[in-house]
Amino acid sequence: VMVDGMHAERTMRTSYTTTALCLFLNFSFKSVTSKTIEDRPEYQACLADPATCESLIVWRDQLTGTIPSEMGNLTQLTFMSIFNNQLTGTVPTELGSLTRIHSIGLDINQLTGTIPTEFGALTLLKIMHIQRNQLSGSIPSEMAALSRLTSTLLCDNPGLCGDLPTGMTPNRNSAVWACPAGATVGTLLGTACPSSAPSVSPSSSLTTTPTSDTPLKDNWFRKRDVARKNAFPQKQAWWRKQEKLDSF
């Protein structure tokens, strides 16, 4: 009887070890497998039947790749949130076709480029959260027409610059945690954007003579670096808060 008992215990231990190893390998495989928005069943369902797709939520899933331009075909969307992923590339101009949209959340990604001028057509937009990316350039003047905006978060986009469109007032509202020190902190909004770099013809030498606006550009980049440095402690504090919330 004792031998049978020891054999049964050994078998159970082996079973537990095998199960734990399978779970670990399954989790590890999922962790290293790259996922994109196109891979998500929610997005696939919307593409299959755009007439009934009113919301798209694919947040906090470590998604990579870019925002599909085909998302602009989901013209019945009223709510879209793809925040807290690892998305790169630019914001598609096709999103300007989402004229029924009330809320857009693109925050906490690695998006670059400028805010599309086509966003000025989103006249029903109430919430626009694009903070914590790498967006640059000025806020399109066309967005001055978005009179319904009640929550606009732009913070921690070190390249955003220029004046805000008349009537546009970024604020924190209910999402205080998103921009703890202010809706435009970590940007250069209110500072003139640098002019484009001088073009160099193929026949010219690699050494170019500094133009008159070089000091202005240097000053702008110094201010950008300061904005990034000042935003770093806020980001650390925000992530510490998120880790505490996730632990519950």
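Work through the residues other than Leu77 whose Cβ is under 15 Å from its Cβ and net out their charges, Lys, Arg +1 and Asp, Glu -1.
-3
So who's got an amide H within less than 5 Å of the one on Cys193, skipping anything under 5 residues away but keeping other chains? H placed 1.01 Å off N, in plane.
For Cys193, whose amide H was placed from the backbone, the distant partners under 5 Å are Gly162.
Using only the Cα atoms of the range 34-126, build the gyration tensor, take square roots of its eigenvalues as a ≥ b ≥ c, and label the shape rounded, prolate or oblate: rounded if a/c is under 1.5, else prolate if a/b is larger than b/c, else oblate.
oblate
Let me make sure I get this right: for the range 75-191, a, b and c are the square roots of the gyration tensor eigenvalues over alpha carbons, sorted descending. Under 1.5 in a/c it's rounded, otherwise prolate if a/b > b/c, else oblate. Which is it?
The shape class here is rounded.
Bear in mind that the values in this text are calculations on the coordinates, not laboratory data. All of these numbers come straight from a predicted model, not from anything done at the bench. Reconstructed Cβ throughout: ideal geometry from the backbone, glycine too, with neighbour counts over all protein chains shown.
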